[in-house]
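Participant: Pasting a structure below so you can have a look.
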Amino acid sequence: MAKTRSHVRRIGVLTSGGDAPGMNSAIRAVVRASVHHGIECLGIRRGYNGLINGDVVELKAKDVNGLITRGGTILYTARCPEFNTEEGLQKAANSIKYLGMDGLIVVGGDGTFRGARDVSRYGVNVVGIPGTIDNDVACSNYTIGFDTACNTAMHAIDKLRDTMQSHERCSIVEVMGRNAGHLALYVGIACGATAMLLPELPYNFDKDVAEKIRGGRIRGRTHHLIIAAEGVGHIDELATSIKEETGMDPRVTILGHIQRGGSPTARDRVTASRMGEMAVRTLLEGKRNRVIVISNREMVDLDMDEALAMEKGLQISMLNAAYILTQI
Ligand code: ADP
């Protein structure tokens, strides 16, 4: 593809909020696309902290060699409460001007995009790339890291199932997702769970848990897997209730941060690579304040303000399938 003519000479890239597998693949794509178009790319370290403190490093093609396979983020990530203040935003905007950046690419979730929108009001052009294992970014059907996290959780639960089978046990497995149930729903279907508890849908213990375990037992099921999203909470109380109602002694497994690591799957590598390349092109085309998203299977860019005003629920067709499949 021909190199783009543009007034953009130097851009910055940062990762912010919770890390997700594929963030490195996105950084690599941003750097390689920058090199292709003959512009400089600065890596900003530790999320918005790096902007405030001027903690930046120039990234060349050699710096991202071999990065596509690596989980985590070489730029580190952090939360930065100071960025929620006028003073913090002003400091960041000053750094951006001082460093001569003509555009900023941020990889993260909704919080990260709110920060980007706020700093854009100081005249900085920003582009967002959705990266979080929670898939809870409203404007995009898909966020980088979700597929890898689903697979990591699924493989861990498959191992757990072997021992559940041997001991005829009931297990409650908590998966991540913050306040959203996308990961729990997907993993629950993938692992053939007895029940999935999601923060979006208040559950009735008797009908949605105890009855399913009792019914399963009558039909010859010897072990039972309950997947709970972290946003549901009270997992120990749930275990106690199951013990009291069914006589089974459930084991609680919290998968935790394991889900945030690991080499990204092909889906995450390819999505991150395409989004990174597109983010650079979007800046070069002179578009202002955009988010790269997947919408109806296409990769498109949306206005940042419109993107932040959107809401996202669980996919109804997937919920219906989960409902039917956990009835017997
Ligand atoms: P995520 O991007 O995964 O949703 P957070 O919600 O923790 O993660 O946000 C990441 C960072 O983005 C915050 O630590 C802060 O630096 C910045 N941020 C979040 N919300 C705002 C806001 N309203 N204004 C300015 N910065 C924000």
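The values are calculated or read from the model by the stated rules, or taken from the named source; none is laboratory data. Since we're looking at a predicted model, the values are computed, not measured. Cβ: placed from backbone, ideal geometry, glycine included. Neighbour counts: every protein chain shown.
Participant: Keeping to region 13-51, report how many residues are away from the ligand (no atom under 11 Å from the Cβ), touching a Phe, Trp or Tyr at 6+ places or on another chain (Cβ under 9 Å) and among the polar types (S, T, N, Q).
Facilitator: Number of matching residues: 0.
Participant: To continue, here is another question. Test Ile129 against the criterion of being under 24 Å from the mean Cα position of the chain (by Cα), under 30 Å from Leu283 (Cα atoms), in a strand (DSSP E or B) and in contact (Cβ under 8 Å) with a residue 12 or more places away in the chain, and give yes or no.
Facilitator: Details: under 24 Å from the mean Cα position of the chain (by Cα): yes; under 30 Å from Leu283 (Cα atoms): yes; in a strand (DSSP E or B): yes; in contact (Cβ under 8 Å) with a residue 12 or more places away in the chain: yes.
Answer is yes for this residue.
Participant: Hey, among the residues in region 94-112 that are more than 7 Å from the ligand (Cβ to nearest atom) and either hydrophobic (A, V, I, L, M, F, W, C) or within 20 Å of the chain's Cα centre (by Cα) (or both), which one's surrounded by the fewest Cβ atoms within 10 Å (Cβ to Cβ)?
Facilitator: Leu99
Participant: Would region 141-151 turn up any residue that is assigned to a helix (DSSP H, G or I), over 15 Å from Ile226 (Cβ atoms) and free of Cβ contacts under 8 Å to residues at least 24 places away in the same chain? Reasoning before the result, please.
Facilitator: The initial filter retains those residues of region 141-151 that are assigned to a helix (DSSP H, G or I), namely 146-151.
Narrowing the set further to residues that are over 15 Å from Ile226 (Cβ atoms) leaves 146-151.
Add one more test, that the residue is free of Cβ contacts under 8 Å to residues at least 24 places away in the same chain, and what stays is none.
Scanning region 141-151, I find no residue that is assigned to a helix (DSSP H, G or I), over 15 Å from Ile226 (Cβ atoms) and free of Cβ contacts under 8 Å to residues at least 24 places away in the same chain, so the answer is no.
Participant: Please go through region 152-184 and give me each residue that is of a type in the set (Gly, Ala, Ser) and either in a loop (DSSP other than H, G, I, E, B) or within 24 Å of Leu201 (Cα to Cα) (or both), ordered by number.
Facilitator: Those that are of a type in the set (Gly, Ala, Ser) and either in a loop (DSSP other than H, G, I, E, B) or within 24 Å of Leu201 (Cα to Cα) (or both): Ala153, Ser171, Gly177, Ala180, Gly181, Ala184.
Participant: Continuing with the same structure: Scan Ala193, Ala229, Ala272 and give me the residue that is within 30 Å of Asn125 (Cβ to Cβ) and crowded, with 21+ Cβ neighbours inside 10 Å.
Facilitator: Going through Ala193, Ala229, Ala272 in turn, the sole match is Ala272.
Participant: Here's another thing I want to ask about it. Specify the residue that is nearest to Asp162 (Cα to Cα); the eligible residues are those in region 218-240 that are in a helix (DSSP H, G or I) and without any contact (Cβ under 8 Å) to a residue 24 or more places away in the chain.
Facilitator: That would be Ile218.
Participant: Before we move on, is Leu75 more than 9 Å from the ligand (Cβ to nearest atom) and under 17 Å from the mean Cα position of the chain (by Cα)?
Facilitator: yes
Participant: Moving to a separate point now. Quick check on my filter: what residues within region 130-139 are in contact with a strand residue (DSSP E or B) (Cβ under 6 Å, 6 or more places away or on another chain) and more than 11 Å from the ligand (Cβ to nearest atom)? It would help to see each step written out before you state the result.
Facilitator: Taking region 130-139 first, the residues in contact with a strand residue (DSSP E or B) (Cβ under 6 Å, 6 or more places away or on another chain) are 131, 137, 139.
If the condition is that a residue be in contact with a strand residue (DSSP E or B) (Cβ under 6 Å, 6 or more places away or on another chain) and more than 11 Å from the ligand (Cβ to nearest atom), then Cys139 is the only one that fits.
Participant: Out of Arg28, Arg10, report the one residue that is of a type in the set (D, E, K, R), surrounded by fewer than 17 Cβ atoms within 10 Å (Cβ to Cβ) and touching a residue at least 40 places away in the same chain (Cβ under 8 Å).
Facilitator: Residue meeting the stated conditions: Arg10.
Participant: When you go through Lys62, Lys91 one by one, which is the residue that is among the basic types (Lys, Arg), surrounded by fewer than 20 Cβ atoms within 10 Å (Cβ to Cβ), within 16 Å of the ligand (Cβ to nearest atom) and modelled with pLDDT of 95 or more?
Facilitator: Lys91
Participant: So which of Val57, Val124 is outside any helix (DSSP H, G or I), β-branched (Val, Ile, Thr), modelled with pLDDT under 95 and more than 12 Å from the ligand (Cβ to nearest atom)?
Facilitator: Val124
Participant: Taking Tyr48 as meeting all but one of (1) among the aromatic types (Phe, Trp, Tyr); (2) farther than 21 Å from Gly131 by Cβ; (3) touching a residue at least 60 places away in the same chain (Cβ under 8 Å), write down the number of the exception.
Facilitator: (2)
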